[in-house]
Amino acid sequence: MGRFAGYLGTAIAFGFIGWFVYENWDRLPTIDLLSPNVSQNVGFCLFFYLLTQILASIGWRYTLGTLGKACNAGLAESELLVSQIGKYIPGNIAHLIGRISLARTDGIPGWAASLAMFLEICMLLAIGMLYVAVLMIAMPDVMAEIAHELQTRTAVIYSVAALFLVLLTAVIVIMLINRRKRDGAMAKNIQPVRLLGPVAIHIVNNLLLGISLYFAARAVAPTAQISVGFCTIVFVTAWVSGFLTPGSPGGLGVRDGIIALGLGMTMGGAAGLSIAFLHRGVSVVGDVISFGLGLCARKHFATKSESRTS
């Protein structure tokens with residue numbers, strides 16, 4: 001059943017972007033990557049994307065620290081940076097399994113890595129959906145149009161956001177109860193208040209990803225009237241949809257299609273599609289760079305950790 005859902009999700013993802021490409025392919029604008037304006041905006045796009053990956057890796061270390069199981073600084077960050085490349089494998093879970101495996105290699109118990117992963121997913125989806133909910137209030141006309149295009153209802157987003165908030169709250173309450181009831185070292189080391197750190201990081205990261213998309217839009221259509229807030233709402237909506245689609249590798253297809261659709265409302269479908277493709281290309285480059293940085297970090301900090309213990 002799970003494999004069928006993965007295949008179905010992959011088909012939906014590629015079908016969605018395939019349809020949009022078919023509709024706008026002959027109208028795609030030309031992008032001169034050697035142009036100073038384009039190269040500068042692409043550079044900023046890549047910079048802010050890389051910054052989100054580094055901040056996310058720090059958030060992962062803080063999330064592990066909530067359970068009292070943080071490994072050495074540098075090693076924890078490398079677990080996310082290295083494993084992120086796995087999100088391009090169909091199934092959309094290889095990067096999660098890979099990170100848990102790396103964490104166990106670094107001495108983190110499987111239960112702690114798995115629980116930290118669950119906490120992170122709850123935070124990411126809850127924050128992403130609440131971002132959309134808040135921006136619905138600030139930009140109701142835009143969200144109504146996106147919702148109409150996607151044939152969804154705003155109530156669904158509110159409901160799912162509330163569900164993940166309830167799940168996150170339940171986990172925190174359970175952790176607090178265990179801390180009080182159990183006298184073991186594991187329970188004493190649990191510090192739910194430390195979740196405030198990764199929550200703050202993920203809130204900032206959503207804005208930074210919107211800024212990254214904004215610079216991609218400036219590279220394709222420098223004269224278009226578009227704001228960082230609008231790019232943020234489009235990206236967060238696209239990211240959440242891509243993440244929740246089973247089998248969509250790295251949100252491929254779904255995320256790109258929604259970005260093209262959302263931005264296309266103000267600058268035309270062809271320009272929106274070019275921006276989606278450009279940002280996807282920058283994201284892939286950023287993930288490859290993050291992978292390299294993670295490998296270097298693992299080599300450096302693992303050696304440093306071994307020298308301390310010897």
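The values are calculated or read from the model by the stated rules, or taken from the named source; none is laboratory data. Keep in mind the model is a prediction, meaning the values are calculated, not measured. Virtual Cβ from ideal backbone geometry, glycine too; neighbours counted across all protein chains shown. To get the accessible areas, we keep the full protein, side chains included, count just its heavy atoms, and leave off ligands, DNA and RNA. Shrake-Rupley method; radii C 1.70, N 1.55, O 1.52, S 1.80 Å.
Descriptive notes on the structure:
- Accessible area ranking (1.4 Å probe, heavy atoms, ligands and nucleic acids excluded), largest first, for VAL228, VAL220, VAL193, VAL204: VAL193, VAL204, VAL228, VAL220.
- The local environment of SER283, defined by Cβ-Cβ distances under 15 Å, has a net charge of +1 under the rule Lys, Arg +1 and Asp, Glu -1.
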